[in-house]
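Notes for the one structure printed next.
The values are calculated or read from the model by the stated rules, or taken from the named source; none is laboratory data. Treat the numbers as computed from the prediction; the structure is a model and nothing was measured. All Cβ positions, glycine included, derive from the backbone under ideal geometry; neighbour counts span all protein chains shown.
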Amino acid sequence: MIELQKVTKIYKPRRQREVTGLDDVSLKISPGEFLVVTGRSGCGKTTMLNLIAGLARPSSGKVLVDGTDVWSLNDEQLSALRKEKTGFMFQVPSLIPVLNVVENVMVPTMFTAPEKRLDAYEWAKKALADVGLSHKTEAFPRHLSAGEEKRVVIARAIVDNPPYLLADEPTANLDELTEKEVMALLESIHKGGTTIILVTHHPSLIGYGTRHLTMSDGKLTE
Amino acid sequence: MNLQRLVSESIRGRQFRSGLIVAFIALLAGLILASTLVLRGMESGLRTGMERLGADFISVPYHGFEPIVAKGALLTGELAIGYWMRAENLEKVAELDGVERVSPQIYLQPVTGAPFCSAEELYVVAFDPKTDFTIQPWLKQRLDRPLGLWEVIGGDSITVPPGTGITLDSHQLELVGKLLPTGMWLDSAIFFSLETLGAMMAEPETSSIIPPDMPAEAISAIAVKVKDGYSIDYVATDSLTAAPATWPIRSTQLMRLLSEQRAGLLKTLFMSLGIVWLLAVALTALIFTMMVNERRREIGMLRAVGASSNFIFRLFLTESSLLAVGGATIGIIVGATAVYAMKSWLTSTLGVEFLMPTLLGILALMVITLVAALIVSLPALLYPAIRASHMDPAEAMREV
């Protein structure tokens, strides 16, 4: 279970006034859920995902992942938790341009225990097969379409079967057909037992989830 | 997939940027090594010259100008060409109390572009082989007989082997011996006996190597060896009285003059090197920092998939260190090669003696320079790696 307990996140940019990203949010996400959070741009959706993934520290409150207070851990422990528990799909693909597709998918396996890393290449190939990109293993990111990039990102996020998949605007900049393909993939991943938390400003994606919340000015509402 | 693979792919995949960084570091390392080699070469030349000098002082003509300028010295390479003293001064100095031995030298007109000499200017010197104790000690192999008529010995820059006939201003001469490298003007000189000089002067044709205003019974310099137990200063002072219009130049005076010259050159070299180093380190730090900035999203993504800040630090430090080692290695190889290739040019341009260190010495200097270049590059390597490791992953992903 993922739990946010009265979490607030305030940004203090230089030479600008403070911005409240999340405002006293409490939330529980049970295993197996497909939570879709919608809201306009800048309402705090990405902030919430970053807090769950331990990429941002809350100004107040607690973030618990399977009972562990994320910010009670040191950097090494937190990195290990991220590795074990979460797969992250960033809004921008963030593939490493100098690595080919299969190498990009293998990146998370660098942080797997050495004895488990031996099959990393096979895991990556399987993940690519799951997203329908077996024929693109040697291609480089610059040779991929936007939809293919998203699928590589999904493959990277699921390569070592994390229990939680965090997806930030997974269908951004995609045409309708490709959007449906990507969402179909996420649905199949969810059906495989992965808990998905998806944030988007597209109301059309609400139907894919098992639960829907709305975010506005840093606050969550059902 | 591991850190090493990620680093190697990053270097290979960003060739222009990697090449630029390697070039900067190569420049720094190459300059450090080249400067060090030049200084060591100067030092070696000076030291070797002093060891073989033999003479405690050299009397040169004093013609009312600053006598230290008319060095006529075995060390500095600036011969007192065109200045003369009477040959009778030789006996007067030899008779002084405390003088062990004396030997005359006559500096004739240099020859430009001699085909058998790799240096631009060939010095021509007549000396007395029977009394000489400053030139013949440099011979690679001792002659088993006195230097004969029309026979010459040559410096290390003479490109033909002993036994070869050479033509010098229509005079047919035979090279019978070569000197060891000295790092001094001796390298680009030929020496023949006073007997040969007399034969040249007796020929009816005018010789371009014999100055037209050369007086009869004139010499250019007297090398003087003082007996043990006698004060060199006193004997040198006595020579002023015995041989007026001469001036004794002590070897220690020459050393001091050369040290001053060298100190000035050292200062200039070090200042230039310091400026280049500062610029190179600053630019390298800037390039590495730009490299970190351009890969913000990559850093954020790596953190999101489980990389610790320590991993990020090691990632960027490894990449930048590899580039630095590669650049330094290239730089020291190019630097050493350049100094070796420009040895003659350095000697003539800088006007100082230059002896390349031995191969082992060069290798040792290369290793030391490699380590030094890496040490001075360390701030430029560490800062971007620390910056990357402390980057807020969420912020890194936010900014485009």
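Per-structure values
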read-out	value
Single unsatisfied condition, A:Ser145 versus (1) more than 12 Å from every other protein chain (Cβ to nearest Cβ); (2) crowded, with 17+ Cβ neighbours inside 10 Å	(2)
Residue in segment B:382-400 that is farthest from B:Ile32 (Cα to Cα), counting only those that are crowded, with 23+ Cβ neighbours inside 10 Å and at pLDDT 85 or above	B:Ala388
Segment B:218-266, residues that are at pLDDT below 85 and on the phi > 0 side of the Ramachandran plot	B:Ala245
Condition broken by B:Leu317, with the remaining ones in (1) closer than 22 Å to B:Leu20 by Cα; (2) modelled with pLDDT under 80; (3) of a type outside the set (Lys, Arg) satisfied	(2)
Residue that is farthest from the other protein chains (Cβ to nearest Cβ) [pool: residues in segment A:84-95 that are more than 18 Å from A:Ile189 (Cβ to Cβ) and surrounded by 21 or more Cβ atoms within 10 Å (Cβ to Cβ)]	A:Leu95
Count - residues of segment B:115-152 that are among the acidic types (Asp, Glu), in contact (Cβ under 8 Å) with a residue 12 or more places away in the chain and part of a loop (DSSP other than H, G, I, E, B)	3
Condition met for A:Ser79 (farther than 23 Å from A:Leu133 by Cβ, at the interface with chain B (Cβ under 8 Å from one of its Cβ atoms) and within 16 Å of the chain's Cα centre (by Cα))	yes
Pick from segment B:1-48, criterion aliphatic (A, V, I, L, M) and within 30 Å of A:Val101 (Cβ to Cβ), ranking: nearest to the other protein chains (Cβ to nearest Cβ)	B:Met1
Residue in segment B:217-240 that is surrounded by fewer than 23 Cβ atoms within 10 Å (Cβ to Cβ), closer than 27 Å to B:Val111 by Cα and in the same structural domain as B:Glu88 (by TED's automatic domain parsing) present	yes
Some residue of segment A:96-112 being within 12 Å of chain B (Cβ to nearest Cβ), of a type in the set (Asp, Glu) and touching a helix residue (DSSP H, G or I) at 6+ places or on another chain (Cβ under 9 Å)	yes
Flag for A:Asn74 being surrounded by 22 or more Cβ atoms within 10 Å (Cβ to Cβ) and within 13 Å of chain B (Cβ to nearest Cβ)	no
Qualifying residue in segment A:174-183 (condition: out of contact with any His (no Cβ under 6 Å at 6 or more places or on another chain) and within 14 Å of chain B (Cβ to nearest Cβ))	no
Near pairs, Cβ below 8 angstrom, 6+ apart or cross-chain, from segment A:1-28 (outside any strand (DSSP E or B)) to any residue that is crowded, with 18+ Cβ neighbours inside 10 Å	A:Met1/A:Ile29
Pairs where the first residue, in segment A:63-81, is closer than 20 Å to A:Gly32 by Cβ and the second is of a type in the set (Phe, Trp, Tyr), C-beta under 7 Å, 6+ apart	A:Val63/A:Trp71
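Every residue, every condition in (1) modelled with pLDDT of 80 or more; (2) more than 14 Å from B:Ile362 (Cβ to Cβ); (3) outside the structural domain of B:Asp187 (by TED's automatic domain parsing); (4) surrounded by 23 or more Cβ atoms within 10 Å (Cβ to Cβ), yes or no:
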residue: B:Glu9; (1), (2), (3), (4): yes, yes, yes, no
residue: B:Arg14; (1), (2), (3), (4): yes, yes, yes, no
residue: B:Arg17; (1), (2), (3), (4): yes, yes, yes, no
residue: B:Leu20; (1), (2), (3), (4): yes, yes, yes, no
residue: B:Ile25; (1), (2), (3), (4): yes, yes, yes, yes
residue: B:Leu28; (1), (2), (3), (4): yes, yes, yes, yes
residue: B:Leu33; (1), (2), (3), (4): yes, no, yes, yes
residue: B:Leu37; (1), (2), (3), (4): yes, no, yes, yes
residue: B:Arg40; (1), (2), (3), (4): no, no, yes, no
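The rows are residues; the columns are (1) under 19 Å from B:Pro104 (Cα atoms); (2) under 31 Å from the mean Cα position of the chain (by Cα); (3) of a type outside the set (Val, Ile, Thr).
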site	(1), (2), (3)
B:Gly148	yes, no, yes
B:Ser170	no, no, yes
B:Leu180	no, yes, yes
B:Ile190	yes, yes, no
B:Ser193	yes, yes, yes
B:Gly198	yes, no, yes
